[in-house]
Structures are given as C-alpha cells and as structure tokens.
Amino acid sequence: MTTLHITVGDRAQLREDTLQVVQDAETAAPETTDGRAVLQFGTYDDLVDSLTPLRLELVQAIAQGDPQSMREAARLVDRDVSDVHADLKQLEVLGILEFEDGGPGGAIQPVVPFDTIEMHIDYPLLDDSDADSTPASAD
C-alpha cells in the first residue's frame, strides 16, 4: 500500500525540506521502500487553494474508475473537459497523480499512484508571538 501524507508546515521548514530533497535527488535516488510520500504545504490557505473539494473528488474518481483519458476522467465527475484538464495539470505538479500513455488513440491516462491519502493539519489558534506575550497566572 502506498500512502501520500499531506501536511502543513511553516515556510522556513518547507524551504529547508525542499532544498534537502533537491540535494538528495542530485546525489542518489530517493527512498521509496517504505511506500510513503509526503506533500507539504506552507500554509493552511495553500492547502485549501490547491486541494479543492472538486480536485479531491477528481482524484478519488480516477483512483476508483481508472479512466483511460482526460476526457473519460471528466465524464466520471460530470465536469467540463477543459476544467478537468486544468485540475489534472495542477494535481500532476503537486505529485498527486501522473500521466501515462493511454493507448492507441494517443490519449494520456491520469493515474493516481497512491492507495490512500492521509492529511495531518496543525492549525494553531495563537501565533507564537501571542503565546510568548501571554501573562503568567499568579498561583
């Protein structure tokens, strides 16, 4: 089973992690033996903007329906092909799906290489600066 773990982290950590991935990619092939992939967004807003309900529905439809083309994927979710095409391209950029040759007609097939997507979202209610300035209670 291959799982995509989606997290939200701070931008500095995201930048550091991205640089490490680039360095690792230059020196050796990435580790994939544990069946785990991680997609990290800098902020909760980035996550919500990128993984809309329509895009998540599309990912699930592709995983379940195994469409042979973008057009067939659009039919699965009853949406316009051009809108689905734009969403598929964004999902490809994020690494949530891939494209393979779909067959003799030259169509490309969207494929979700994961069995499961897990999301871990920390949504702090206070800024770190707010927590530091909170007055201590007298006991």
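The values are calculated or read from the model by the stated rules, or taken from the named source; none is laboratory data. Predicted model, so just to flag it, every value in this text is computed and none were measured. Cβ placement follows ideal geometry from the backbone for every residue including glycine, while neighbour counts extend to all protein chains displayed.
Observations, loosely collected:
- Given (1) surrounded by 14 or more Cβ atoms within 10 Å (Cβ to Cβ); (2) more than 13 Å from the chain's Cα centre (by Cα); (3) over 17 Å from ILE108 (Cα atoms), number of the condition LEU54 does not satisfy: (1)
- Pairs where the first residue, in region 47-58, is more than 19 Å from HIS120 (Cβ to Cβ) and modelled with pLDDT of 95 or more and the second is among the small types (Gly, Ala, Ser) and in a helix (DSSP H, G or I), C-beta under 9 Å, 6+ apart: LEU58/ALA73; LEU58/ALA74
- Number of the condition not met by GLY106 [criteria: (1) farther than 16 Å from ALA73 by Cα; (2) modelled with pLDDT under 85]: (1)
- Test set (1) of a type in the set (Val, Ile, Thr); (2) surrounded by 15 or more Cβ atoms within 10 Å (Cβ to Cβ); (3) modelled with pLDDT under 85 - ILE96 fails condition number: (3)
- Complete set of residues in region 57-67 that are surrounded by fewer than 17 Cβ atoms within 10 Å (Cβ to Cβ) and either touching a Pro at 6+ places or on another chain (Cβ under 8 Å) or among the polar types (S, T, N, Q) (or both): GLN60, GLN64
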